[in-house]
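For reference, the structure is listed below as structure tokens.
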Amino acid sequence: MSLQTKSFADLITLSRASTATYVGADGTIKTAAVDVPRFDFSTGKKALLLENSATNFLLHSEAFDNAVWVRQANATVASQDGAWRIGCTDATLRFVTQTPALAGDEVATLSIDIKDIDAGTAMVELVSTIGASGGRFSLSLASGAVTATSIGTPNGSAVVVSVSPPDVDGYRRYVLRSTPGSTGNTSRRVLIGSEGASGTGILVRRPQLEIGAGATSYIPTTTVAVTRAADNIAAIDLSGFYLGDGYTVVVKGQFDAANGLYDRVVQLDGGTDASRQAVIYAAPEAKIYASMYSGGISQGATEAAYLLGDSFAVASALGLNYRQAAINGVAGSLDTDAEFITPNALRLAQSFGGGSKPARLLLESIMIYPYLLTEAQLIEVTA
């Protein structure tokens, strides 16, 4: 048996019916053409970015001076340094708002870049238009600290999901999630404001409001909401990988946002989900699983608690009457009574039928060994 070397292009065929953005090696936002893979550096590491489709419902995301952004009296808006300055002419909170209509009573996520000029504090609000469901948050821009403030009697809830460290331009990206509290609550009001002394302000850019519980890559808009198409990778043929005597797969990356209940990270199978050997994120349990199935019957799984946005490393050694896995340096028990079906396909971020796609997944590396790693080796490659 001779070793084979293949390039990324030899193995990966990606299709995506739209352009899409990502963070380049220099820390700035880039745009990938239709059907071009995105190698993202938002975590500081190079990773293949795979996302499901998403829509930005905020109009004129790069034109805060457009009338769709309703400006409060004494609020000032001006283009500055590739972003938008929101300021005030008195020592009172001044803001702009937009109220897009969503498709239904869904959970919605707002993400936006904010940088201080001299105001010191920003205010961001994501509320439902029925019953003022949601929340308003005061942002200390120097530290990134967040304080919730009262908005009356909400009939839903809102939380700040994450605050990123400053990027190369000094912006933090703030992510808020809103859950509606009543039926028919299809609209959200987004408020972005500056709170400081007279004449002070903040810089904002790249606002995005999307359906779902997590933020995905930025989608620029103008007069209408814009949808980014899903990344789809064709199944990778494993027929020449000689895995019939057992193998080990090692996967490293970061899972940022879930789309369904059991989203795939990777899946190896024999041409059906019933024979899958997969790494999945289980949203109801907030866990990563390394699982194995034969004939639709579970042959066991190794699990670990997982916080979205953290790094993961998973290694599974699988063969006839052999299943053992390690997740982030901790090994599960060895199972010597596992049925094994030799996989002939590798699928990234999807199941056999193309479903179970994550909302946002960063894959740093996938390695397949045509032999079984020991427990000590599984721990070593995932620690």
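The values are calculated or read from the model by the stated rules, or taken from the named source; none is laboratory data. Source: prediction; values computed, not measured. Using ideal geometry, Cβ is built from the backbone for each residue, glycine included, and neighbour counts are taken over all protein chains shown.
Of ALA325, ALA315, ALA305, which residue is touching a residue at least 40 places away in the same chain (Cβ under 8 Å) and either within 27 Å of ASP231 (Cα to Cα) or not assigned by TED's automatic domain parsing to the domain that holds LEU238 (or both)?
On the way: ALA325 fails: either within 27 Å of ASP231 (Cα to Cα) or not assigned by TED's automatic domain parsing to the domain that holds LEU238 (or both); ALA305 fails: touching a residue at least 40 places away in the same chain (Cβ under 8 Å).
Result: ALA315 is the single residue among ALA325, ALA315, ALA305 that is touching a residue at least 40 places away in the same chain (Cβ under 8 Å) and either within 27 Å of ASP231 (Cα to Cα) or not assigned by TED's automatic domain parsing to the domain that holds LEU238 (or both).
List, please: which pairs have Cβ atoms under 9 Å, are six or more places apart or on different chains, and start with a residue in segment 110-127 that is farther than 14 Å from SER194 by Cβ and at pLDDT 90 or above and end with one that is of a type in the set (Asp, Glu) and not in a strand (DSSP E or B)?
From residues that are farther than 14 Å from SER194 by Cβ and at pLDDT 90 or above, the pairs are ASP113/ASP167; ASP113/ASP169.
How many residues, within segment 242-289, are more than 20 Å from the chain's Cα centre (by Cα), aliphatic (A, V, I, L, M) and either crowded, with 17+ Cβ neighbours inside 10 Å or in a loop (DSSP other than H, G, I, E, B) (or both)?
If we filter segment 242-289 for residues that are more than 20 Å from the chain's Cα centre (by Cα), which is where we start, we get 242-250, 268-277.
Keeping just the survivors that are aliphatic (A, V, I, L, M) gives 243, 249-250, 268, 274.
Now restrict to residues that are either crowded, with 17+ Cβ neighbours inside 10 Å or in a loop (DSSP other than H, G, I, E, B) (or both): 243, 249-250, 268.
Total satisfying the criteria: 4.
Please tell me if ALA148 is under 13 Å from ASP116 (Cα atoms), modelled with pLDDT under 85 and either in contact with a Phe, Trp or Tyr (Cβ under 8 Å, 6 or more places away or on another chain) or surrounded by fewer than 16 Cβ atoms within 10 Å (Cβ to Cβ) (or both). If you could, list the steps in order and put the result at the bottom.
Details: under 13 Å from ASP116 (Cα atoms): no; modelled with pLDDT under 85: yes; either in contact with a Phe, Trp or Tyr (Cβ under 8 Å, 6 or more places away or on another chain) or surrounded by fewer than 16 Cβ atoms within 10 Å (Cβ to Cβ) (or both): yes.
Against the criterion (under 13 Å from ASP116 (Cα atoms), modelled with pLDDT under 85 and either in contact with a Phe, Trp or Tyr (Cβ under 8 Å, 6 or more places away or on another chain) or surrounded by fewer than 16 Cβ atoms within 10 Å (Cβ to Cβ) (or both)), ALA148 does not qualify.
Counting only residues that are modelled with pLDDT of 95 or more and outside any loop (DSSP other than H, G, I, E, B), which one in segment 1-18 is surrounded by the fewest Cβ atoms within 10 Å (Cβ to Cβ)? Reasoning before the result, please.
Within segment 1-18, the first condition is being modelled with pLDDT of 95 or more, and the residues that meet it are 14-18.
Filter once more, so that each one left must be outside any loop (DSSP other than H, G, I, E, B): 14-15.
On the way: LEU14: 18, SER15: 12.
Selected residue: SER15.
Give the number of residues within segment 19-28 that are modelled with pLDDT under 95 and either assigned to a strand (DSSP E or B) or on the phi > 0 side of the Ramachandran plot (or both).
Qualifying residue count for the region: 1.
Any idea how many residues of segment 345-366 are of a type outside the set (Gly, Ala, Ser), surrounded by fewer than 18 Cβ atoms within 10 Å (Cβ to Cβ) and either touching a helix residue (DSSP H, G or I) at 6+ places or on another chain (Cβ under 9 Å) or assigned to a loop (DSSP other than H, G, I, E, B) (or both)? Break it down into steps so the answer makes sense when it comes.
Of the residues in segment 345-366, the ones of a type outside the set (Gly, Ala, Ser) are 346-348, 350, 352, 357-358, 360-364, 366.
Still in the list and also surrounded by fewer than 18 Cβ atoms within 10 Å (Cβ to Cβ): 364.
Filter again for either touching a helix residue (DSSP H, G or I) at 6+ places or on another chain (Cβ under 9 Å) or assigned to a loop (DSSP other than H, G, I, E, B) (or both), leaving none.
Number of matching residues: 0.
On the given criteria, is SER311 surrounded by fewer than 17 Cβ atoms within 10 Å (Cβ to Cβ), over 23 Å from VAL107 (Cβ atoms) and modelled with pLDDT under 95? Steps first, please.
Working: surrounded by fewer than 17 Cβ atoms within 10 Å (Cβ to Cβ): yes; over 23 Å from VAL107 (Cβ atoms): yes; modelled with pLDDT under 95: no.
No.
Quick one: in segment 367-383, which of the residues that are among the polar types (S, T, N, Q) and part of a helix (DSSP H, G or I) is nearest to GLN324 (Cα to Cα)?
Start the filter on segment 367-383 by keeping residues that are among the polar types (S, T, N, Q), which leaves 374, 377, 382.
Then drop every residue that is not part of a helix (DSSP H, G or I), which leaves 377, 382.
Working: GLN377: 11, THR382: 13 Å.
Applying the filter and picking the extreme gives GLN377.
Give me the strands (runs of 3 or more DSSP E) completely within segment 49-111, filtered to those with at least 2 residues that are of a type in the set (Val, Ile, Thr), ordered by residue number. Explain how you work it out, then say what you get.
Numbers: elements: 54-56, 75-80, 83-88, 94-98.
Strands (runs of 3 or more DSSP E) meeting the threshold: 75-80, 94-98.
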